[in-house]
Amino acid sequence: MEFTNPGFLYGLFALAIPVIIHLFNFRRFRKVYFTNVKFIEELKQETQNNRA
């Protein structure tokens, strides 16, 4: 079997590699901790204590 223009096949293969890498990198997630989260949790705890 012989392709009339194999350059297109090579180009599609070259474009598919970064797409596959991109999809696999999204499966690894990282938890990002913000400094404000502790402050917000303390505020939430205070408001819960004030309501009770």
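Only the coordinates and a few stated rules stand behind these numbers; no lab work does. Since the structure is predicted, the reported quantities are computational estimates derived from the model, not experimental observations. Counting neighbours? That spans all protein chains shown, and the Cβs are built from the backbone with ideal geometry, glycine included.
See the values below:
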{"item": "Stretch gain in nm, segment residue 12-residue 48, where the contour uses 0.36 nm per residue and the Cα spacing is subtracted", "result": "7.2 nm"}
{"item": "Estimated inter-spin distance, residue 36 and residue 2, nm [label 7 Å along Cα→Cβ]", "result": "6.6"}
{"item": "Between 0 and 90°, nearest 10: helix 6-25 axis offset from the chain longest Cα axis", "result": "20"}
{"item": "Once the Cα gyration tensor of segment 6-51 is diagonalised, semi-axes √(5λ) in Å", "result": "51, 8, 7"}
